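Below is one structure, written out as structure tokens; comments come after it.
The values are calculated or read from the model by the stated rules, or taken from the named source; none is laboratory data. Quick caveat, the model's predicted, so the values are computed rather than measured. Ideal geometry is used to build each Cβ from the backbone, glycine not excepted, and the neighbour counts take in all protein chains shown. Calculation scope for accessible area: heavy atoms of the full protein, side chains included, ligands and nucleic acids excluded. Shrake-Rupley method; radii C 1.70, N 1.55, O 1.52, S 1.80 Å.
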Amino acid sequence: MQLNRYRGVKHWLRCIAMFTTLFAVSCLLAMPAAAERVRELSSFAGVRDNQLVGYGLVVGLDSTGDQTTQAPFTSQSLTNMLSQLGVTVPPGTNLQLRNVAAVMVTADLPPFSRPGQRLDIVVSSIANARSLRGGTLLMTPLKGADGDTYAIAQGNMLVGGAGAQAGGSSVQINQQASGRIPNGALVEREVPLNLGGNGGRLELQLNESDFGTVQRVVTAINNEFGQSVAYARNGRVIALDGPMDENARVNFMARVENVQVTPMEAPARVVLNARTGSVVMNSAVTLRQAAVAHGNLSIMIDTQFGVSQPAPFGEGETVVVPNTDIEIEQQEAFLQIVEGAQLNEVVNALNALGATPQDLMSILEALKASGSLRAELEVI
């Protein structure tokens, strides 16, 4: 009797635990979209990075540099650099250098950068150098899109790859033709930015265009300040009336960035990766009722070679005769109804077709053309 009572209590506890789990899951599914800060949804106009690029030389390599016969610009660059340092290379000299490599240096100049600050840089070989490990980048000017120099790069290379070769065999881990130099560039010039110079007027740009989200952001900002300071210009840009004082303007921008806004739900979209065959869809995708037939057509060609031997003492020649068999096989395919109003229903309906990812891409395009797939198709 006690055992039966114990089993009954255990059964009721298990039911209560299962009910609690289902209730928690249902509550999570019923929760509205979480609010986000404005700084995650947008950025102020003009506050952005600027790309820098430069051409330089890496020296000190262990016989893994450029082959100057195939990359003559490397020796030419070295000759020009030596001439600036007072070293004259006789004309016509064939420089056989194996410890020098021509490289391109890239960096991102953050907004509000001032002279004297440091930047991380990426150094990449542009010729046939096998490895930049152990090399030193010589002084390289980094220029912007306007052709002006904004930073100077120099330092020791940090290459994450490794490799070795001997006796005709080689092994390599990761890439050795590029590397990084942390804090390898020194800012020499700042990018002028007249933020709020037009009477304190600022512009807030959303990361993605959406009229509903713009309307919610404008309403939330005006409620935060208790007056109309934000005005929507279009589906992406919001105009802000900021203070004239710089310190007050910074405080104003900080408050704007921390305003909580619930963005609109993203539009239904299906992303197809034509290279890998990946198919990704969001939860807003729906599928109206449609009938789909899917089947594969296989063509198999098998060629066997036979020998035609002439009669003894004949004047004929022995020849090879190909014998080709062609077989066509088509899998059975029947019309199957697919439909779904939620993401799991759409996935189950498409999986029921038994199609491969590559075939699924064609089926989704056909469903979109027929009007059954209620989503945007994007191929990347």
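When only residues in the stretch 57-69 that are part of a loop (DSSP other than H, G, I, E, B) and out of contact with any helix residue (DSSP H, G or I) (no Cβ under 6 Å at 6 or more places or on another chain) count, which is most open to solvent (accessible area, probe 1.4 Å)? In this case the residue turns out to be Asp62. Taking the criterion of being under 25 Å from Glu265 (Cα atoms) and either assigned to a helix (DSSP H, G or I) or modelled with pLDDT under 70 (or both), would at least one residue in the stretch 355-363 satisfy it? Yes - at least one qualifying residue is present in the stretch 355-363. Of the residues making up the stretch 168-191, those that are farther than 19 Å from Pro115 by Cβ, open to solvent by 30 Å² or more (accessible area, probe 1.4 Å) and either modelled with pLDDT under 90 or aliphatic (A, V, I, L, M) (or both) are Gly168, Ser169, Ser170, Val171, Gln172, Ile173, Asn174, Gln175.
Scanning the stretch 213-271 for residues that are open to solvent by 60 Å² or more (accessible area, probe 1.4 Å), closer than 13 Å to Gly200 by Cβ and not in a helix (DSSP H, G or I) turns up Met244, Asp245. In the stretch 50-80, which residues are at pLDDT below 90 and of a type in the set (A, V, I, L, M, F, W, C)? Matches in the stretch 50-80: Ala71, Phe73, Leu78. For the criterion of being closer than 29 Å to Ile152 by Cβ and out of contact with any His (no Cβ under 8 Å at 6 or more places or on another chain), Val38 fails.
Among the residues of the stretch 91-124, those identified as open to solvent by 40 Å² or more (accessible area, probe 1.4 Å), farther than 17 Å from Ala177 by Cα and part of a strand (DSSP E or B) are Asp108, Arg118, Asp120.
Taken together, the criteria exclude Arg39 from residues that are in a loop (DSSP other than H, G, I, E, B) and of a type in the set (Lys, Arg).
Could you tell me whether Pro72 is over 30 Å from Val259 (Cβ atoms) and either surrounded by 12 or more Cβ atoms within 10 Å (Cβ to Cβ) or aliphatic (A, V, I, L, M) (or both)? Even if it seems obvious, please write down each step before you answer.
Details: over 30 Å from Val259 (Cβ atoms): yes; either surrounded by 12 or more Cβ atoms within 10 Å (Cβ to Cβ) or aliphatic (A, V, I, L, M) (or both): yes.
Judged against the criteria, Pro72 is a match.
Note on the stretch 75-90: residues that are under 16 Å from Leu138 (Cα atoms) and either open to solvent by less than 70 Å² (accessible area, probe 1.4 Å) or assigned to a helix (DSSP H, G or I) (or both) total 10.
Scanning for something modelled with pLDDT under 85, more than 33 Å from the chain's Cα centre (by Cα), farther than 28 Å from Ala185 by Cβ and of a type in the set (A, V, I, L, M, F, W, C), does the stretch 1-8 turn up at least one residue? Yes, there is a match, as at least one residue in the stretch 1-8 is modelled with pLDDT under 85, more than 33 Å from the chain's Cα centre (by Cα), farther than 28 Å from Ala185 by Cβ and of a type in the set (A, V, I, L, M, F, W, C).
May I ask you to list the residues in the stretch 125-139 that are assigned to a loop (DSSP other than H, G, I, E, B) and open to solvent by less than 70 Å² (accessible area, probe 1.4 Å)? Answer for the stretch 125-139, where residues must be assigned to a loop (DSSP other than H, G, I, E, B) and open to solvent by less than 70 Å² (accessible area, probe 1.4 Å): Ala127, Asn128, Ala129, Ser131, Leu132, Gly134, Gly135.
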